[in-house]
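To start, the structure itself, in structure tokens.
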């Protein structure tokens, strides 16, 4: 039996159903490389459920997933994901493996960034277009396709949730800062002869934590606002605003 458990965005988001499944499980694993808590620690969760949680990092994924599937054939195993369960393709692939190998499994959802952002920004959920991930450019990996989806969403009058890059290894953590994302967007848009500095946006830092910040600005101002936040951040590039959305945004902090 394999439980897929969404942990939510902080340690207090754990549902009763998830808590029961964790306590019932023989072993508990957490995918530790695509996200993290905005508040709280795994150590706190370990104390709550009374057992050790083993972290799975990116370079261990294939071997660890094979081990996890094998263990689930004879024992109750929990595989945990920050936020909700199927936000990353690797998690969906693991579910497909369970189906292919006829291993019993159960999905236990958690509060995700996708449900938190509309609430925190005052934007209507059904007025969001495709979500994009903004990735830190590396020497041999410099994706730019996310700008196409943002442009298409804006043409349709829709908002775009931009998830900012997170890279977590055993000995290092990289959290893309909002200003880095703004600089990257402005740079790529300029190649398309678009002045993205004028794009209005809402920045959400540390969603659902005590460190949470939500403010409205534009990319031109944001790219100059140097920060070093130690919690995940997201940016919403605004499409056309409805009247109630405009009223809500007026109450947000505005970075000028």
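Figures for the structure shown
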item	result
For the stretch 113-254: rounded, prolate or oblate by the Cα gyration tensor [a/c cutoff 1.5]	oblate
Percentage relative contact order, the stretch 2-108, counting C-alpha pairs under 8 Å, at least six apart	46 percent
Simple spin-label estimate for residue 71 and residue 17 in nanometres, 7 Å along Cα-Cβ	2.3 nm
Helix-only [θ]222 nm of the chain, DSSP H runs n ≥ 4, -39500 (n - 2.57) each, per residue, nearest 500	-9500 deg cm²/dmol
Average Cα contact separation per residue, the chain, under 8 Å, 6 or more apart, as relative contact order %	21 percent
Helix 61-72 axis, angle to the chain major axis (alpha carbon atoms, nearest 10°)	40 degrees
For the stretch 2-108: rounded, prolate or oblate by the Cα gyration tensor [a/c cutoff 1.5]	prolate
By average C-beta atoms within 10 angstrom, highest first, the peptides 40-48, 115-123, 137-145	115-123, 40-48, 137-145
Within the chain, percent of DSSP bridges classed antiparallel, to nearest 5	45 percent
FRET efficiency, 1/(1 + (r/R0)^6) with R0 35 Å, evaluated for residue 47 and residue 242 via beta carbons	0.20
FRET efficiency for residue 172 and residue 101, using Cβ-Cβ distance with R0 set to 25 Å, rounded to 0.05	0.15
Inter-site label distance for residue 148 and residue 57 at 7 Å from Cα along Cβ, in nm	3.4 nm
Highest to lowest packing among 15-25, 96-106, 216-226, 233-243, scored as the average C-beta count within 10 Å	233-243, 216-226, 15-25, 96-106
Relative contact order (percent, whole number), the stretch 126-167, Cα cutoff 8 Å, 6+ residue spacing	57 percent
Gyration tensor (alpha-carbon) shape descriptor, the stretch 44-194, a/c threshold 1.5	prolate
Footprinting exposure proxy for 95, 108 (fewest neighbouring C-beta atoms within 10 Å first)	95, 108
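Computed from the coordinates by the stated procedures, all read-outs in this text should not be read as laboratory data. As the structure is a prediction and not an experimental result, all values here were calculated from the model. No Cβ is skipped: glycine too gets one built from the backbone with ideal geometry, and neighbour counts run over all protein chains shown.
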